[in-house]
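> Structure below; questions to follow.
The values are calculated or read from the model by the stated rules, or taken from the named source; none is laboratory data. What you see is a predicted model, and the numbers here were worked out from it, not measured in a lab. With ideal geometry, Cβ positions are generated from the backbone for all residues, glycine too; neighbour counts draw on all protein chains shown. These accessible areas exclude ligands, DNA and RNA; they are computed on the full protein's heavy atoms, side chains included. Shrake-Rupley method; radii C 1.70, N 1.55, O 1.52, S 1.80 Å.
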There are 2 protein chains.
Amino acid sequence: MGTITKALELLTFFSSNQSQIGLTQFVKLSGRDKATVHRHLTELEQNGFLEQHPESRAYRLGPALLRLAAVREAGFPVRALLRPVVEGLSEQVGELAHASLLQGDALSPVIHADPRLHGTQVHFDPAEVLPLHATSSGLALLAFADNALRERVLSRPLSMHTGHTITDAATLRRMIDDVRQTGISQLSGAFDEEVVSQGAPLFAEGGRVIGAMSIAVPRVRARPDRDAILGRHLAEAARKASLSLGAEVQDLPPLFHAPVSKLPAD
Amino acid sequence: MGTITKALELLTFFSSNQSQIGLTQFVKLSGRDKATVHRHLTELEQNGFLEQHPESRAYRLGPALLRLAAVREAGFPVRALLRPVVEGLSEQVGELAHASLLQGDALSPVIHADPRLHGTQVHFDPAEVLPLHATSSGLALLAFADNALRERVLSRPLSMHTGHTITDAATLRRMIDDVRQTGISQLSGAFDEEVVSQGAPLFAEGGRVIGAMSIAVPRVRARPDRDAILGRHLAEAARKASLSLGAEVQDLPPLFHAPVSKLPAD
């Protein structure tokens, strides 16, 4: 692992639940020696990627990230393009919808919306990275990703997230083959025991898959007939988003072109 | 300069006007050899800080930045805290208002708002970094920053941005001393020939200055009496923002506590 990767990896230890991290904890999390970690933290801090609390000496993510995220969005406004589609989808289906982008070997959430119409709702943490093998977004992406990524992900030991996470590569390969036919993935309780979700790939210029869009429903509201209609709305939304991200109609899987039925009244 | 800094510096070459950069151009911009630059770009790309266009091979900023910016904002919601204050200020004064955070030796914009009430308005690029010596935000920050930062900035050759940029350290020192008394900085045409602006420091926990808030007005609308009232509104907004960022009342400069007058009808 290169020096740059080691330093950038330190940034990934932050999450919604862990917004401040001290030197000792970084040493523990990274498994590297204190002097090296301290040198990396100092360089990240000098470049605005971290900032240090004046009293506690703990680090948090720095303001450089806000600026760079804004610069990316100004040149390639994925978030601005996806927001209305994700919001429209969640309104249509009355459930949590989200979109995420491939980052390394996982998906990073960029937009989520939940109309909160029901007594229970899926808890979605936008700061949490989605593992490819354990989420419907991930399977939708893997079905249309290049072989290198798919093989890299499936040849490694696969993490368990619930009692229903599928960690057998052969089973996942069969599921991914199915998703390639339909354009839509489905998983039940694989990342969160109580959640059923469907995913669809997002394509950009050149037909390249760059992320996924999903609908996540509390298990208590999942019913095959309703799920089928939700899936059609999801495919329609992923189609619209992909075209605005620069994909051509012929890049999209066949199901994306089928008409969308109306949701039955609940 | 360390390896990590060299790599992170490559990210700073992106701007609103330059959202894609190829290898050759990176080599030119950084002044470093091609093999090193390519190695750094590859590591940044593998970590999601860059992504490469499949055909043109040009790089753009990557999705990891969106996630890290969201994680920072979840733990330390500066943008969410500043947005209503900046928007309220711009509505009150009918002019462009913005807030920026210290990043290294410059300010990074995080929020701007412009009610667009007038025939001319200040062009504000949220992706552009604000140099400390040439902007009212920068002078407001320097007046309350620690000596080390002030001396580092003032002891270096200072960049000219217009014919009115002040690059003489002694003059800047006197201006900064004045700002320390009043709490509000003023500059005319120093960063953009046609713009007059006022800045106020933003404080956080422990009374530490972390950024600045400004109002920028086209020169044609600048009048001493109106500017004075704008400055009072600015101080009031910076006071409110600082308190919500964790500063205590006694950390703030005296002018921040003066009452705000009403703007006269235009």
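> Looking for whichever is in contact with an Asp or Glu (Cβ under 9 Å, 6 or more places away or on another chain), assigned by TED's automatic domain parsing to the domain that holds A:ARG180 and open to solvent by less than 30 Å² (accessible area, probe 1.4 Å) here; the options are A:ALA247, A:ALA241, A:ALA237. Which one fits?
Answer to the selection: A:ALA247.
Conditions tested, residue by residue: (1) assigned to a helix (DSSP H, G or I); (2) within 18 Å of the chain's Cα centre (by Cα); (3) closer than 16 Å to B:LEU81 by Cβ.
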site: B:GLY199; (1), (2), (3): no, yes, no
site: B:GLY206; (1), (2), (3): yes, no, no
site: B:ALA212; (1), (2), (3): no, yes, yes
site: B:ILE215; (1), (2), (3): no, yes, no
site: B:VAL220; (1), (2), (3): yes, no, no
site: B:ALA228; (1), (2), (3): yes, no, no
site: B:ALA235; (1), (2), (3): yes, yes, no
site: B:ARG239; (1), (2), (3): yes, yes, yes
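> Is one or more of the residues making up the stretch B:75-90 assigned to a strand (DSSP E or B) and either farther than 19 Å from B:SER16 by Cβ or at the interface with another protein chain (Cβ under 10 Å from one of its Cβ atoms) (or both)?
Checked the stretch B:75-90: no residue is assigned to a strand (DSSP E or B) and either farther than 19 Å from B:SER16 by Cβ or at the interface with another protein chain (Cβ under 10 Å from one of its Cβ atoms) (or both).
> Looking only at the stretch B:211-234, which residues are of a type in the set (A, V, I, L, M) and either open to solvent by 20 Å² or more (accessible area, probe 1.4 Å) or away from chain A (no Cβ under 14 Å) (or both)?
B:MET213, B:ILE215, B:ALA216, B:VAL217, B:VAL220, B:ALA222, B:ALA228, B:ILE229, B:LEU230, B:LEU234
> So, in the stretch A:32-51, exactly how many residues are open to solvent by 50 Å² or more (accessible area, probe 1.4 Å) and more than 10 Å from chain B (Cβ to nearest Cβ)?
Residues of the stretch A:32-51 open to solvent by 50 Å² or more (accessible area, probe 1.4 Å): A:33-35, A:38-39, A:45-46.
The next check asks that each one be more than 10 Å from chain B (Cβ to nearest Cβ); those that pass are A:33-35, A:38.
Selection size over the stretch A:32-51: 4.
> Can you find a residue that is in a helix (DSSP H, G or I), among the β-branched types (Val, Ile, Thr) and more than 7 Å from every other protein chain (Cβ to nearest Cβ) anywhere in the stretch A:53-73?
Within the stretch A:53-73, none of the residues are in a helix (DSSP H, G or I), among the β-branched types (Val, Ile, Thr) and more than 7 Å from every other protein chain (Cβ to nearest Cβ).
Listed here are the residues, each with its yes/no results for (1) at pLDDT below 95; (2) over 25 Å from B:ARG60 (Cα atoms); (3) of a type in the set (Gly, Ala, Ser).
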residue: A:ALA204; (1), (2), (3): yes, no, yes
residue: A:ILE210; (1), (2), (3): yes, no, no
residue: A:ALA216; (1), (2), (3): no, yes, yes
residue: A:PRO224; (1), (2), (3): yes, yes, no
residue: A:ARG232; (1), (2), (3): yes, yes, no
residue: A:SER244; (1), (2), (3): yes, no, yes
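Residue-wise test of (1) modelled with pLDDT of 95 or more; (2) crowded, with 18+ Cβ neighbours inside 10 Å; (3) out of contact with any Ser or Thr (no Cβ under 7 Å at 6 or more places or on another chain).
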position: B:LEU142; (1), (2), (3): yes, yes, yes
position: B:ASN147; (1), (2), (3): no, no, yes
position: B:ARG152; (1), (2), (3): no, no, yes
position: B:HIS164; (1), (2), (3): no, no, no
position: B:ARG174; (1), (2), (3): yes, no, yes
position: B:GLY183; (1), (2), (3): no, yes, yes
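> Enumerate the pairs (first residue in the stretch B:101-126 and away from chain A (no Cβ under 14 Å) and crowded, with 20+ Cβ neighbours inside 10 Å; second residue anywhere and part of a strand (DSSP E or B) and β-branched (Val, Ile, Thr)) with beta-carbon separation below 8 Å, excluding pairs fewer than 6 apart on the same chain, so at least 6 apart or on different chains.
B:VAL122/B:VAL195; B:VAL122/B:VAL217
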